[in-house]
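Below is one structure; the comments refer to it alone.
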Amino acid sequence: MTEYDEQDELHDLRRAGGPGDFELPDVSGFDLLQYRESLTQGRRPREETSQALLRLHLLHPVSEASDVCVPVSPSAAVDALVAPLEEERLKLRKKINDIRSAMAAFDAVHSEVRSKEAVPLTLLVGGAAIGASVTSSARASEREIITVQPGGSRPPELLAETMELNMSLLARGVRQRTLYQHSIRKHQLTMDYSRQVVAAGAEIRTVTEIFERLIICDDTVAYIPTNDVRANEALEIRHPALIRYLRAGFERAWEGAEPISPADPLPKRGREDAILVRIAQLLVDGHTDESISQRLGIGVRTVAKRISTLSGRLGSRSRGQLGYLIARSGMLDEPSSTPPPAPPSG
């Protein structure tokens, strides 16, 4: 170097730059040639110096008032250009660390409070764990328990276990509503149990077909099965939005259900015809006897008998013909209480 050393260059260049001032210029072959000549000659008139070389600080005026530029090493130019950016990066990093440090105390408070809240979803495995959780939630209920029990008759031991609990809850003024399927009306023990709890203040209704098993206690906790296969698993739900969703489905089914009273006033023919019409719909939809049995909570042999009844009423001689006759009869276009038509005479 001819006018001053590289330390002076670096000092001046850093002073000239700023993090928001620099934009990388386009560099041409002419700029490379001019830089080479400047290195060879040691200086270059400022007015003849490429703007790209000036902006890159590869050529730098000896002083602010000087008309002469001297070449600068690329490493010194890079340091000068990058230094403001590095300083800005360090400032930003310090701000980020300061923000995180300030939030750390609040994060500790947030974690402490949230850790004491109920877990919204809990998997319960095994009949003992499920029964203990459901019983505990039921005993803690103060307002209402709603239940959906798909399937047919209830096991005698289960009815005996729940009778005492339900009676004590009813005595405390806890409202109880339960949905069963029509098929329980043919099971004497289940009907005896139903009449007793209804007489004590419970509300029980039946429908032809309902959705999966459900228990909701005080709109704070709900229980549903995890799937159709594993009956020893249940999901405990404490998420308000999910519980509202489940209750809405229950209320829709409840509105169209038939009540059970101590005298059981529902006409048998109306129930039987509703089940026959639903079986007809499921047959047309392609369901097997086993699938219909599961959906309606009745035995496979009972399903076969009901299908035989349908075949007799419509004059069908085969399963394929039965589906055609059901569709042609118009029975699926009528309310479910309308009996299937008898076959034409002659």
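The values are calculated or read from the model by the stated rules, or taken from the named source; none is laboratory data. Keep in mind the model is a prediction, meaning the values are calculated, not measured. For neighbour counting, all protein chains shown are included, and Cβ atoms are generated from backbone atoms with ideal geometry for every residue, glycine included. Side chains included, ligands, DNA and RNA excluded: accessible areas come from the protein's heavy atoms. Shrake-Rupley method; radii C 1.70, N 1.55, O 1.52, S 1.80 Å.
Starting from 0.36 nm per residue, how many nanometres of slack lie between GLN196 and GLU157 once their C-alpha separation is accounted for? Intermediate values should be presented prior to the final figure.
Details: separation 39, 0.36 × 39 = 14.04 nm, distance 1.60 nm.
Extending this stretch completely gives an extra 12.4 nm.
Each residue of segment 178-190 in turn: what ³J(HN,Hα) in whole Hz from Karplus with 6.51, -1.76, 1.60 and θ = phi - 60°, glycine and Pro shown as x?
With the stated coefficients, segment 178-190 comes to 10, 9, 10, 9, 3, 5, 5, 5, 9, 9, 4, 5, 5 Hz.
Expected output is a single nm value to one decimal: the length gained when fully extending between ALA104 and ARG238, i.e. 0.36 nm times separation in residues minus the C-alpha distance. What is it?
Details: separation 134, 0.36 × 134 = 48.24 nm, distance 2.89 nm.
Once the chain is fully extended between ALA104 and ARG238, it gains 45.3 nm.
5 Å is the cut-off here: which amide hydrogens, built 1.01 Å from N in the peptide plane, fall below it relative to GLN176, excluding neighbours closer than 5 in sequence?
Correct list: ILE145, GLU203.
Using mean Cβ contacts within 10 Å as the protection proxy, how do 26-34, 234-242, 95-103 order, highest first?
Working: 26-34: 12.7, 234-242: 16.3, 95-103: 9.9.
Top of the packing list down: 234-242, 26-34, 95-103.
Calculate, for segment 70-123, the solvent-accessible area per residue in square angstrom, rolling a 1.4 angstrom probe over the heavy atoms of the protein chains.
Values: 4120 Å² over 54 residues.
For segment 70-123, the solvent-accessible area averages 76 Å² per residue.
Which order do the peptides 206-215, 274-283 take when ranked by the mean count of other beta-carbon atoms within 10 Å per residue, highest first? Please report the intermediate quantities before stating the final value.
On the way: 206-215: 18.7, 274-283: 21.0.
Answer by packing, highest mean first, reads 274-283, 206-215.
With the full set of protein chains in place, find how many percent of the accessible area of segment 77-228 is carbon and sulfur; take the probe as 1.4 Å. Mind showing how you got there, number by number?
On the way: 4970 of 8630 Å².
Summing carbon and sulfur atoms, their accessible area is 58 percent of the total for segment 77-228.
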